[in-house]
Structure formats: C-alpha cells, structure tokens
1. Grab the Cα-Cα distance for residue 275 and residue 293, subtract it from 0.36 nm times how many residues apart they are, and report the gain in nm with one decimal.
2. What residue among 260, 104, 47 shows peak mean-square fluctuation when the chain is described by a Gaussian network model with Cα springs under 10 Å?
3. Using a Gaussian network for the chain with springs between C-alpha atoms less than 10 Å apart, which of these wobbles most: 34, 108, 53?
4. For the residue pair residue 170 and residue 85, what label-to-label distance in nm results when each label sits 7 Å from Cα along the Cα-to-beta-carbon direction?
5. Mind ordering 71-80, 152-161 by average Cβ neighbours within 10 Å, highest first?
6. Using a 10 angstrom cutoff on alpha carbons, build the Gaussian network for the chain and name the most mobile of 92, 55, 282.
7. Counting only protein heavy atoms, what percent of the accessible surface of the chain is carbon or sulfur at a 1.4 Å probe?
8. Distance from a point 7 Å along Cα→Cβ of residue 45 to each backbone N in segment 68-107: keep the residues under 18 Å and list them by number.
Amino acid sequence: MTVDTEMLIHHIAIPFRMRTKTQEFIIESEADWIDCTTRFSDNLRSMGVNHYIRLVTDAEFLSENYIQGRHVTHTMRNAQALVPAYENLTTLTRKDGVWQISEMTSSIENSRWPIGMTKVTDNGSLPHIDTDQLSDARRASVSPLVIYQDYINDLSRINLADDFEAWCARCEFPHSVHIDQVDEIIESPSQLHPFFDMLRREIETHKIDRMVRTAEHAEFLSGTQICGYHQTNLYSGSEVKLGPVASRYILKRTGTEWRMTSVTNSLSNAEFPYARPEPSELLVSLRDIQERTTRQ
C-alpha cells in the first residue's frame with residue numbers, strides 16, 4: 001500500500017513467474033516489478049481502498065528453503081468489498097536468510113503486464129494446476145544453479161562430441177529459439193540440424209578444443225521449470241575464438257530428465273538458422289519476446 005520500493009525489491013526473486021487465468025508472465029528486472037507494484041498501488045488508492053488483506057488458508061514447507069501456500073486477497077473500503085475476494089497460490093524461496101516470492105498463480109483474469117486494476121469476474125477460485133508433487137524438484141533442496149550448470153556442461157560435451165542425437169534428447173519438441181530480432185518455433189529435429197551443423201563447422205574451422213558455458217544465475221519458475229542465464233566462450237588453446245555470447249534457457253523436467261523448452265541468445269543475426277553467429281550486447285527479455293510474438 002505504501003510502495004516501499006526497497007522492501008519490495010528485497011522480497012522478490014528475479015526472475016519471478018506470475019500466472020493469471022489468462023496469461024503467464026516472467027519478470028526479469030526489478031524496474032519491471034516496481035513499475036507494476038506502483039501502478040497497482042495507485043489504483044488501490046484511487047478506488048479508496050483502506051483495507052488490503054491477504055489471509056493465508058494453508059502453507060507447507062516443500063523443503064527447508066521453499067514454502068508453498070495459499071491465501072485469499074480481500075480488497076475493501078472500510079468493510080465493503082470493492083473487488084471480489086480471490087485466491088492465490090504462492091511459492092517463497094529463502095536466500096541468505098531472506099524469504100522472497102518467486103512464483104504466484106492467481107485467480108485474477110488480467111492478460112497484460114503491468115497489472116493495474118485486478119479483474120475478477122467469477123468466484124475468484126484458482127485455475128486448474130496440474131501438479132505432480134513427486135516431480136517437484138524443490139522438495140529435494142537441490143540448487144537450481146547446480147542443475148543448470150550440469151545441463152549446459154552436458155551440452156558443451158555433446159557439441160564437442162558432434163552427437164546430434166544426444167542434443168535432440170536434451171530438447172523438447174516443439175521448443176522456441178530467440179535472438180535479437182528473430183523468434184522461431186522448432187517443431188522437429190530436422191529444423192534443428194542446420195544450427196547443430198553450423199556449430200560443428202565453427203568447431204572444425206577454428207580448431208575449438210574447449211566450449212565453456214558458465215552459469216551466472218538460475219531460479220525455479222515452478223517445481224518442474226528452471227530459468228537460467230549463462231555466458232558461452234569457444235576456445236582454441238587459450239585463445240577465445242567466439243564469445244562471450246549471453247544466453248538464457250528455460251528448462252523443463254520430464255520424469256528425471258531436464259530438457260530445453262526455450263533458448264535466447266545475444267545474437268544480431270537477421271535469421272535462424274544462421275551461417276555464423278554474430279554476437280551482440282542485447283539479451284532480449286522474455287517479456288519483450290512475449291509482446292512481439294503476441295503481436296504476430
């Protein structure tokens with residue numbers, strides 16, 4: 001209600017996943033988060049809200065660093081409801097002793113970010129959530145950064161071994177590929193082969209003997225999804241032949257395997273696949289990708 005910017009940032013995990021009944025958002029910047037909370041608070045005050053109450057109905061530890069709980073939000077002026085009460089499912093993540101919100105599923109119906117005025121047109125119950133408690137990786141207290149680094153290490157090994165079949169086994173089909181100005185949906189391995197062949201040519205041409213992908217940050221978007229960020233360098237001896245290229249992968253857990261569902265690279269190529277990667281300084285955000293693919 002007071003828009004305490006410092007505390008709002010202190011208690012949000014970035015990236016943060018927000019799901020409504022009609023849309024899903026992944027917020028990757030503190031500025032984007034503050035923009036939404038400021039607009040939301042302004043709307044509450046313009047409505048005359050003086051009691052904004054979240055009542056917890058249940059909560060459980062998934063493991064020592066993760067709590068998942070449900071609460072009902074009441075938006076009132078004095079004792080009168082201005083918005084129908086609505087339910088939320090929220091995950092908190094503990095980092096350095098601080099609990100941060102990392103994921104929320106809400107029964108509101110807003111389909112655009114930032115969310116200004118909440119839209120609730122039915123009884124405010126949550127959308128169906130297909131959850132398999134046994135597959136929730138957060139219950140094992142494994143660091144998402146460790147999972148992510150292991151995954152990208154495996155990709156580097158596969159590239160140097162020129163094992164296309166193994167690469168495809170690490171991908172979901174379909175999955176999405178994004179660079180500075182291009183968005184592609186990869187429906188089958190045949191669409192992916194030109195990209196893999198390009199990497200092989202780069203490795204052969206420049207006598208690459210090391211491909212180093214270094215994870216910088218990773219978070220659980222859900223119990224079966226990880227969003228991670230890394231830098232890639234290709235070496236011949238001690239010399240960098242290509243890189244650094246910034247990347248973001250979204251991984252999905254199926255059974256015991258993690259597979260890529262979305263990849264974004266900081267490349268300025270005008271098409272995908274491309275003859276040779278052209279590194280840029282831009283790693284387009286997931287929100288920008290969502291906006292431009294929705295427009296299409």
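1. 4.1 nm
2. Of the options given, 47 has the highest mean-square fluctuation.
3. 53
4. 4.9
5. On the way: 71-80: 14.2, 152-161: 16.7.
Ranked from most to least packed, the peptides come out as 152-161, 71-80.
6. Largest GNM mean-square fluctuation: 55.
7. Working: 7260 of 14450 Å².
Using a 1.4 Å probe with all protein chains present, the chain comes out at 50 percent carbon and sulfur.
8. In segment 68-107, the label zone of residue 45 (backbone N under 18 Å from the point 7 Å along Cα→Cβ) covers 76-78.
The values are calculated or read from the model by the stated rules, or taken from the named source; none is laboratory data. Computed from a predicted structure; not experimentally measured. Note: ideal-geometry Cβ built from the backbone for every residue, glycine included; neighbour counts use all protein chains shown. Only protein heavy atoms, including side chains, enter the accessible area calculation; ligands, DNA and RNA are left aside. Shrake-Rupley method; radii C 1.70, N 1.55, O 1.52, S 1.80 Å.
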